[in-house]
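The values are calculated or read from the model by the stated rules, or taken from the named source; none is laboratory data. None of the values given here were measured: they were computed from a predicted structure. In this analysis, Cβ positions are derived from the backbone assuming ideal geometry, glycine residues included, and neighbour counts consider all displayed protein chains. Surface areas here come from the heavy atoms of the whole protein model, side chains and all, with no ligands, DNA or RNA. Shrake-Rupley method; radii C 1.70, N 1.55, O 1.52, S 1.80 Å.
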Amino acid sequence: MFEVRFHGRGGQGAVMAAQTFAEAAVLEGHHAQAFPYFGAERRGAPVRAFARVDDKRITIKSQIYEPDMLVIMDESLLDIDPVADGLKPTGSVVMNTTKAPQDVDIGVAVRCATVDAIPIALETIKAPIVNTAILGAVAKICDLVTIESIKTSINDRFGEKLGEQAARMNSLAAEMAYARTVVGICKGERTIVRPKVWLPTWKELPQGTALGEDTLSGVTVGPGGSLGNYTGTWRTITPKYDQEKCVRCLRCWFCCPEGCIKRLEDDHVKWDYRYCKGCGICANICPADAIHMVKGAMEP
Amino acid sequence: MMKVLSADHAVAWGVRLAKAEVIPAFPITPQTLIIELLSEFIFDGDMDAEFIPADSEHSAMSIAVGASAGGVRTFTATSSQGLALMHEMLYASPQNRLPVVMANVNRSLGAAAGIWLEHNDSMAARDSGWMQCYVEDNQEALDMTLQAYKVAEDPRVMMPLMICLDGFVLSHTVDGVDVPEQAKVDDFLPRFRPLYSLDPADPKVINPIVPPDYAMEMRYQLDRIMESSRQAIKEVDSAFAKRFGRGYGGLFEAYRMDDAEYALLSLGTATSTARAAVDELREEGKRAGLIKLRFMRPFPHDELLAACKDLKALGVFDRSLSFNRYGPVFTEVRNSLHELSLPITDHVGGLGGRDLTLGHMREIFANIERSAKGEKVRTCSWYGLRGEQE
Amino acid sequence: MSEKELAIIRDIPNNDWFVSGHGACPGCGMTIAVKNIMRIIGNNSTVYVPASCLIVVSAVYPTSSFRTPLFFTAFENTGAVTTGIKAAYRRLGKDATVVGIAGDGGTFDIGLQALSGAAERGEDVLYVCVDNEAYMNTGIQRSGSTPFGAWTTTTPVGKKTKGKRQMKKDMMDLVIGHNVEYAATLSIAHYNDFVKKVDKAKRKSGFRFLHVLTPCVPGWKTESAKTVEIAKLAVETGMWTLFEYEDGEARATYRPKQLLPVTDYLQLQGRFRHMPSEDIKVLQRWVCNKYYWHFGHEAEQPACAMFKGEPEMHFDGDPLHGV
């Protein structure tokens, strides 16, 4: 049994990648399954998908906790999600990154395939969606599939959904990524940080379904408890504010879907970047050109 | 004060005396008499409550759930198709610990449609987390309404309770009913104090989406609460008996069971006819007994085992079917008594309003007696069916 | 309740009762609406949210993004549950605003009956419909609110049929038919109009209905930065009309001087990308008819831009024009 865990962000197509990988494994004569993490998080939020490959019919229906291979579609996930949790020391990792394998640190030193998939995606499918490109890198490091079976599977799955042209471009993305993938060993220095959790026993759990404002085991719960969820980690572009230009119209304060633009006494504004998802609405509607979106998640 | 009331009106009097404050409802036969009388009470100013004419039973239960979450005592009533329509909303109150009280006037549900008595409406709701009680006569209908609030709002319980009463046979039959004094009821049933409520002064989130990390612990809590509600039911019935001079045995009533060799377990109005049959059999020198099951949920697993351990045979009466063989009450009873080696048989009758006579009841007892003697008897027999059973 | 009536963005209280950390997609139009409605309504309130994106992104045990009391049970019962909560508050002498915030599916379709019941009974609740024109929470299926021609997963762009073949249901018209206390449409891009209407709804008692158009980035296939821009174009093209119903009369609160062609709105959204010109013509005609249906009795009318080559449509004096 070979188990793979895919890590991406909502909207990046991690589930499609897992399914395409499983289909490629089936084309190679293996048995395979793929399934999403059944959650409700939205695009931009960290998501997981899973695949299993074996030489006989797979009957296990649980999630994967000790994967043989990780596929990380978005490098920034390493800072916000315990991505490498449970990865077998003998396992491997495939990552979309500009770095070489030896410069990547996932917290476990394992065989590592890296590829800078964003430029490939932009060149082929004209969108920064790397779920097909990354499969080219998978083919490079994983013996269970070949680049041919990956391409056939992409043609099948994407062709049916998006048409012939889209299938061809996605297939090309995988092929280009396969050619550009570098294999090495990554670093294992990072401490894998696990988020705080509150997991009470049935006796400890408050009766019924209600919670008031509280902190339990270090976790904020109840009304307003979502403030403990730092959605700023979803951000890939960041608003930069030029107070000199600001006309204090408060439109950005009104239009921010996150409520992370704080209104000051004098009606200037200030960002709470812990929650900013980088949607860009504030920059788009600012009548004074006082807000600009800059690449990356760094606070300006 | 003695009044001659239908069981529907007896329930309405119970609700009035219990001072339910918000009463959403939607009309359906044979329940409608309840909400008509409550509307009269409220429109005449005899009862200080809000009657909310809902647009459907689904909305009626939604309003009741909202009002209960808002922190007040609520009541609604329904039947059959109405109960089925509100089925989704039945599940909103148990896990949220909202002690809504409802009367369900039993009526057959679904195709082969009729307005007549069958238990296939409430039996389909027995896994919703509601406590479910079946009453036998008009006095019990009123008394159980008062007890229902006391049990449901017990701090150990805080769960919804459904009072089931047989359509027409009970709902539309008048009988003498002692209507207790308001002061006595007030003393028995204090003001409703919710476990928690929606309150802007003390904001709480109630019933958000519950992910797999917490749902199982919540389900287990609920299972434990349902289990422990048995104690509250027994205590409330004793307290009621002390105060009003009428007790019903709590989870079930054992009638002439002390030295019984064989017995029938029944629920609802069938029990009354069965009592007459047992009395006749006793006069004939036969050691027949009767168990009147009052609560389907919580189900008295342990208590029933103790009550039946000396029997040579037990029959179970079912007024509905869990299709392809047995009725739901039989399945529950046999499950509880699996440790005992006595023959347990199912007896189905009175479906779709078919009259259940003393003759049928005598036949049922005759079959149980035969099984007690070791004779082979069908595991499930129908009474009043034209044509041979296969 | 504050004495001063609110009229502009600056008047909105600087307190958040719908806070950060919710899980909505970047650029979500619905959370813009909810956040500002809650700022204006304040915390002497209780919120009921039925099954929808909103409940999923804002309230997953053990947390909530609402700092007010929040309750959820099912999909189709916003009108009913809010009725119950308000009845309880009346009994307990609590003077709090009970707000139901439902999506278009929970309002136009599955929740229509309970909404109608509450509106007809004149329940003292504030019903907010956040309308993103499809069942977004379950992954973009068409609703009674989805506009003509739009792609959804259940109105796919097929070889035979392309997009939804029916028009958007006129929800305001149905609500107004209940003789309600107050009903208004809101746009997240018309800030002052938004502020005034929410404040007005808060001050009134009786059944109040606020209908907000809330663009949805994944469902409409748009850029996240353009959510508010698209909401503005909806009004400027007439795809969304800003009006209110009060004291038995409907009144336009904002009238574009000249309606822009509907294509200005459609071209920013992937869900309309496939639309053939004959379908766009049908939609444009519907927009113009709807505009006159909503405002026909008023004096000044903007000319409605028809599809290229078609004569412009003007108000012909008949208040039931186009019905």
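Taken along the Cα-to-beta-carbon direction at a fixed 7 Å, the label points for residue A:196 and residue A:118 span 3.2 nm.
Quote the FRET efficiency, to the nearest 0.05, computed for residue A:204 versus residue C:264 with a Förster distance R0 of 60 Å and r equal to the Cβ-Cβ distance.
Numbers: r = 57 Å, r/R0 = 0.95.
The computed FRET efficiency comes out at 0.55.
Computed over the alpha-carbon atoms, the range A:116-174 gives an Rg to Rh ratio of 0.96, Rh here being the Kirkwood radius from the mean inverse distance.
Shown here: the protein assembly as shown, whose C-alpha atoms stretch 98, 76, 55 Å along the first, second and third principal axes, sorted largest to smallest. For chain B, the mean residue ellipticity at 222 nm estimated from helices alone is -12000 deg cm²/dmol, where every DSSP H run of n ≥ 4 contributes -39500 (n - 2.57) and the total is divided by all residues, rounded to the nearest 500. The share of C-alpha pairs in the range B:2-244 whose separation exceeds 26 Å stands at 33 percent.
Global dimensions of the range A:1-91 from alpha-carbon coordinates: Rg and Dmax equal 12.8, 37 Å.
Using R₀ = 35 Å, calculate the FRET efficiency as 1/(1 + (r/R₀)^6) where r is the Cβ-Cβ separation of residue C:10 and residue B:48; round to 0.05.
Values: r = 46 Å, r/R0 = 1.31.
Result of the calculation: an efficiency of 0.15.
With the alpha-carbon atoms of chain A aligned to their principal axes, the span from lowest to highest coordinate is 67, 54, 39 Å, starting with the largest. Only one residue of A:268, A:34, A:232 has its Cα farthest out toward the positive end of the dipole of chain A, where Lys and Arg carry +1 and Asp and Glu -1 on Cβ, and that residue is A:268. When a 1.4 Å probe is rolled over the protein heavy atoms, the share of accessible surface on the protein assembly as shown that falls to carbon and sulfur comes to 51 percent. For the range A:2-185, the relative contact order is 22 percent, taking Cα pairs closer than 8 Å that sit 6 or more residues apart in sequence and dividing their mean separation by the residue count. Given their separation in residues at 0.36 nm each and the Cα-Cα distance between them, residue B:36 and residue B:286 gain 85.4 nm when the chain is fully extended. Roughly how tilted is helix B:270-283, in degrees to the nearest 10 and between 0 and 90, from the longest Cα axis of chain B? For helix B:270-283, the angle is close to 40 degrees. Once the Cα-Cα distance is subtracted from the 0.36 nm per residue extended length, the residue A:1 to residue A:75 segment shows a gain of 24.0 nm. For a modelled paramagnetic label at residue B:228, 7 Å from Cα along Cα-to-Cβ, the residues of the range B:64-106 in reach, with backbone nitrogen under 18 Å, are B:94-99. State whether the range A:177-285 is rounded, prolate or oblate according to the following rule on the C-alpha gyration tensor (a ≥ b ≥ c being the square roots of its eigenvalues): a/c under 1.5 gives rounded; otherwise a/b larger than b/c gives prolate, and the remaining case gives oblate. Judged from the Cα gyration tensor, the range A:177-285 comes out oblate (a/c at least 1.5, b/c at or above a/b).
The base-10 log of I(q)/I(0) for the range A:164-239, evaluated at q = 0.13, 0.21, 0.27 Å⁻¹, reads -0.76, -1.07, -1.20 [Debye formula, identical scatterers on Cα atoms, solvent excluded]. In order along the range A:249-259, the Karplus-derived 3J(HN,Hα) couplings, from 6.51 cos²θ - 1.76 cosθ + 1.60 at θ = phi - 60°, round to 7, 6, 4, 5, 5, 5, 8, 6, x, 8, x Hz, and Gly and Pro are given as x.
I want to make sure I understand the PRE zone here: with the label point 7 angstrom from the Cα of residue A:55 toward its beta carbon, which residues in the range A:139-160 have backbone N atoms less than 19 Å away? So the set is A:142-146.
Solvent-accessible area lost on pairing B with C (1.4 Å probe, both sides summed) amounts to about 3000 Å².
If packing is taken as the mean number of other Cβ atoms within 10 Å per residue, what is the order of A:256-267, B:21-32, highest first?
Numbers: A:256-267: 19.1, B:21-32: 24.3.
The most tightly packed comes first, giving B:21-32, A:256-267.
Counting 0.36 nm for each residue step from residue A:103 to residue A:26 and taking away their Cα separation leaves a gain of 24.4 nm. Based on C-alpha pairs under 8 angstrom that are at least 6 apart in sequence, the range C:9-261 has a relative contact order of 18 percent. Put simply, the amide H of residue C:254, placed in the peptide plane, has neighbours under 5 Å in C:242, leaving out anything fewer than 5 places away on its chain. Farthest towards the positive end of the charge dipole of the protein assembly as shown, among the residues B:371, C:71, B:278, is the Cα of C:71, using unit charges on the Cβ of Lys, Arg, Asp and Glu.
Longest stretch of chain C clear of exposed loop sites (GluC sites (Glu not before Pro), DSSP loop, at most 10 other Cβ atoms within 10 Å, sites excluded): C:4-299.
With θ taken as phi - 60° and the Karplus curve 6.51 cos²θ - 1.76 cosθ + 1.60 applied, the whole-hertz 3J(HN,Hα) list for the range C:288-294 is 5, 4, 4, 4, 6, 5, 6 Hz, x standing for glycine and proline. Here r is the Cβ-Cβ distance between residue A:127 and residue C:165 and R0 is 30 Å; the resulting FRET efficiency, rounded to 0.05, is 0.55. The per residue volume of the convex hull around the alpha-carbon atoms of the range A:38-132 is 131 Å³. Residues of the range B:114-132 with an amide N closer than 12 Å to a point placed 7 Å from the Cα of residue B:331 along the Cα-to-Cβ direction: B:123-127.
Distant-in-sequence amide contacts of residue B:264, defined by a placed amide H-H separation under 5 Å and a gap of 5 or more residues or a different chain, comprise B:289, B:290, B:291, B:315.
Dipole orientation for the range C:118-272: of the candidates C:125, C:139, C:227, C:139 has the Cα lying most toward the positive pole (charges on Cβ; Lys, Arg +1; Asp, Glu -1). Take the protein assembly as shown with all the other protein chains still there, run a 1.4 Å probe, and you get 39 Å² of accessible area per residue. Principal axis extents of the Cα atoms in the range C:154-205, from largest to smallest and rounded to whole angstrom, are 51, 28, 13. Taking amide H as placed 1.01 Å from N in the peptide plane, the amide H of residue B:157 sits under 5 Å from none that are at least 5 places away or on another chain.
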